[in-house]
Structures are given as C-alpha cells and as structure tokens.
C-alpha cells in the first residue's frame, strides 16, 4: 500500500508539472507559476458495491503568468487494493468543478470569479487509476489589489448503491497568490 501511495504521489507531482507545462500558450507560456494545496484534507475513499474501493485525492491550484491567471483541480484516483476486484463502470456520474477565486487584499471572503465543470464519468470509469485536470478559462487582468486562489468540489453518483447523487465534497483551496 505504501509503495502504491508513493507512486500515486509521484504521478500527482508529474501531473502538476504537466498542468503548468500545458498551460495556455502565449508569449510568456514558459513563465507560468502556481500555488497548490496537496494536503490530506482533500483525500477520501469511495466505497463501490461489489468492487474495489477507490482512494481519491484533489489538488486545487492557482497559476499566474504576467497578468494572466487561471485555476485548476488535479484529481487522481487509485484502486484500494491490487489487483482491483469487480468489473463494469464505477459511477453513474462524476463531476469535478474548478473555481478561480478572488478577494481584496486583507479580505477574508473569496468570490468565485469563474468556474469550469468537468464531467469525468467516462474517464474515471475507464480505468482503475488515473489523473485528470479540470481548468478554468484564463483571466487576463491581474491586479495587485487582489489575492487569487483555486478551489472546487467533486460530486458523484456511485453505480448500484441506491443513493443517487451525493452532496458535493468541497475542497480546501489553494494557498493565496498575491
């Protein structure tokens, strides 16, 4: 289990680097930098009836390049046991939301400036482990009068559990980008 967790952590770091490397292109594409929250508060287990459970982790981030900003949520998942038990799809639906948030300097209340909802049902159903990045549109207009952050949530409907859609799981957001 420890080796699988270590490999998943390495894969998450690689996904973060790819997210920065695959950021929207432009004259300063190579200069994207960001801040991410990768703590245990955004890790959880999903019980799948008749199948291996899934360990899931979400990493909200905010990125800047010059006066352009965007947010993302990098989601990774892995089966709870290897080899995985069960077949068929795991979810009837799985939505991942990335929020790009802003607040005045010194303020304590974030405002969602823009968001993106990513329907990853087919992606997460197609393999027992993986990584998916949900990104907001790029905003042009950085101002030093504001702080910026990335946040989001996930909501899912487990196949054959009789519960329909669960309440969205809110994520701990990224550190502020000043």
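Some points to look at:
- Test: residue 119 is touching a residue at least 24 places away in the same chain (Cβ under 8 Å) and closer than 23 Å to residue 142 by Cβ: no
- In region 67-75, the condition of being outside any helix (DSSP H, G or I), modelled with pLDDT of 95 or more and surrounded by fewer than 20 Cβ atoms within 10 Å (Cβ to Cβ) is met by at least one residue.
- Some residue of region 136-144 being assigned to a strand (DSSP E or B) and either more than 13 Å from the chain's Cα centre (by Cα) or at pLDDT below 95 (or both): yes
- Single unsatisfied condition, residue 173 versus (1) part of a loop (DSSP other than H, G, I, E, B); (2) at pLDDT 95 or above; (3) more than 13 Å from the chain's Cα centre (by Cα): (3)
- Residue within region 12-23 that is at pLDDT below 95, assigned to a loop (DSSP other than H, G, I, E, B) and surrounded by fewer than 20 Cβ atoms within 10 Å (Cβ to Cβ) present: yes
- The single condition among (1) more than 11 Å from the chain's Cα centre (by Cα); (2) in contact (Cβ under 8 Å) with a residue 40 or more places away in the chain; (3) over 13 Å from residue 75 (Cβ atoms) that residue 124 does not meet is (3).
- Checked against the criterion of being in contact with a strand residue (DSSP E or B) (Cβ under 6 Å, 6 or more places away or on another chain), over 19 Å from residue 56 (Cβ atoms) and assigned to a strand (DSSP E or B), the candidates 92, 147 yield just one match: 147.
- Residue in region 37-48 that is in a loop (DSSP other than H, G, I, E, B), closer than 20 Å to residue 91 by Cβ and at pLDDT 95 or above present: yes
- Among residues of region 146-169, those that are closer than 30 Å to residue 35 by Cβ, touching a residue at least 60 places away in the same chain (Cβ under 8 Å) and surrounded by 15 or more Cβ atoms within 10 Å (Cβ to Cβ), counted: 9
- Of residues in region 97-119 being assigned to a loop (DSSP other than H, G, I, E, B) and closer than 18 Å to residue 69 by Cα, the one nearest to the chain's Cα centre (by Cα): 110
The values are calculated or read from the model by the stated rules, or taken from the named source; none is laboratory data. As the structure is a computational prediction, the values presented were derived from the model and not from experiment. Neighbour counts run over all protein chains shown; Cβ positions are idealised from the backbone, glycine included.
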